Amino acid sequence: MKSLLKVSLAALTLAFAVSSHAADKKLVVATDTAFVPFEFKQGDKYVGFDVDLWDAIAKELKLDYTLKPIDFSGIIPALQTKNIDLALAGITITD
């Protein structure tokens, strides 16, 4: 339950942080599609808890986005280099 709360809070924080910046552009949202049941590809569609949560947040904030599958090890570097706008993955703080 703690992890679910952390993921939800992180998603909301990121959504508000990018909402004003991205009001007129399509956000690029990276996700690691090998993290079942949170993010995975089913047929030609990305699904899972995190994907559903992000989709609900994006709809509420009227954000246009595209999901970009990236290997988990590349998500943080992609954020740091601003190649993506948002990370959607099971990311936790370990220290």
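Couple of notes before you dig in:
- Per-residue ³J(HN,Hα) for the range 48-64, Karplus 6.51 cos²θ - 1.76 cosθ + 1.60, θ = phi - 60°, Hz, x for Gly and Pro: x, 4, 4, 5, 5, 4, 4, 4, 5, 5, 4, 5, 4, 8, 6, 9, 9
- Neighbour net charge for T33 - beta-carbon separation under 9 angstrom, K R +1, D E -1: -1
- Amide hydrogen neighbours beyond the local backbone of K68, cut-off 5 Å, H modeled: V29, A30, T31
- Here is the list for the range 16-95: trypsin sites (Lys or Arg not before Pro) lying in DSSP coil, each with at most 13 other C-beta atoms within 10 angstrom of its C-beta, are K25, K26, K62, K82.
None of the figures in this text is laboratory data; all of them are computed from the coordinates on show. These numbers were taken from a predicted model, which means no experiment stands behind them. Using ideal geometry, Cβ is built from the backbone for each residue, glycine included, and neighbour counts are taken over all protein chains shown.
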